[in-house]
Each structure stands twice: as C-alpha cells, then as structure tokens.
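Read the structure below first, then the notes.
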Amino acid sequence: MNARALIALLSGTLFGAGLAVSGMADPARVRAFLDIAGRWDPTLAFVMAGALVPMAIAWSLANTRAAPLVDVEFHVPETRTIDARLLGGAALFGIGWGIAGLCPGPAIADLALRPAPAAVFVAAMLIGFALHRLLDRPRAHRPTTATA
C-alpha cells in the first residue's frame, strides 16, 4: 500500500471513529440538534466547535508548505463566489440533513453501525451523484459572460 492510500485509510478511519464517538452518526441526535424550536440538543455544536481547532492548525501549516506530504499540490476551491448554485446546493444539503439526520460522512460510517437505514441514504446519495454527473456540464466547458 502506498503512502497516499495509507494516509487516506487512516484519515478516513479516524474521521469515522470521531463521528461514531461524538454521536454525529446518530440521526436522532442530529435531528435533535437541528430542532431549535423544540427539544434542542446542543451537544453537536461542541463537536463542530472542537473541529475548528485542528482545522485552523491544518490551514496554518498548509500555508507554510508548497505541497502536501503525499500529493503534488493543494486542492483548494477555485472560486469564493457565493452564487445561486452554492446557495441552492447548501439548501438541498440542509433539507436532506434535516429530513434524514445524515450527511455523506456519517452515512458512510453508519453503514457499519446501522446498515439498513444507512444503505437507503447512501443509495439515494449515489443516485444524486450520478444525476449530477449526467446533467451538469463541467465548469471548464461552461460559457462565460466575459467578452474577448
């Protein structure tokens, strides 16, 4: 196994374990966190806040390096524009998260914890990925509004 695959495996395992231990892979806990008008459970806010510290350290370290340890370059978003596509996608993500109590990372972790309900979500997620790939032209080939 090469270094890149090993780091991906270890990172994914750590991420999945963190989701399971923190309760973020529990749809009932996620829905309770999102229920701010009812019986709100703020515990996931602490999990999210706790993720900010290591992420801040990682961004800080990334700014001092020319490339990551096992790749030739950092892969960062090409744009910081907030547009209708971003807002629409965020809204769809939030609606799905609120309905199912799952998002992609916890859904994959839940395949080990709660296989049947997670499999339905993961299947729907994969169908959504496939539809996006079929219906959305790559950004590089989209017409631009700039004039020559």
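All of the numbers you see were taken from the coordinates with simple rules; none came from a lab. The structure displayed is predicted, hence computed values, not measured ones. Counting neighbours? That spans all protein chains shown, and the Cβs are built from the backbone with ideal geometry, glycine included.
Note on the chain: with a GNM built from Cα contacts shorter than 10 Å, the maximum mean-square fluctuation among TRP40, TRP59, TRP97 falls on TRP59.
By the beta-carbon count within 10 Å of each Cβ, the least crowded to most crowded order of VAL53, VAL120, fewest first, is VAL53, VAL120. Rounded to whole numbers, the Karplus 3J(HN,Hα) couplings from phi for segment 12-26 are x, 5, 5, 4, x, 5, x, 4, 5, 5, 7, x, 6, 8, 9 Hz, using 6.51 cos²θ - 1.76 cosθ + 1.60 with θ = phi - 60°, and x at Gly and Pro.
Maximal additional length on extending the THR64-ALA91 stretch stands at 6.3 nm, based on 0.36 nm per residue less the C-alpha distance.
Local charge for ALA100 was computed over the other residues whose Cβ lies under 11 Å away, with Lys and Arg +1 and Asp and Glu -1, and equals 0. In terms of packing, defined here as the mean over residues of other Cβ atoms within 10 angstrom, the peptides 10-16, 26-32 line up highest first as 26-32, 10-16.
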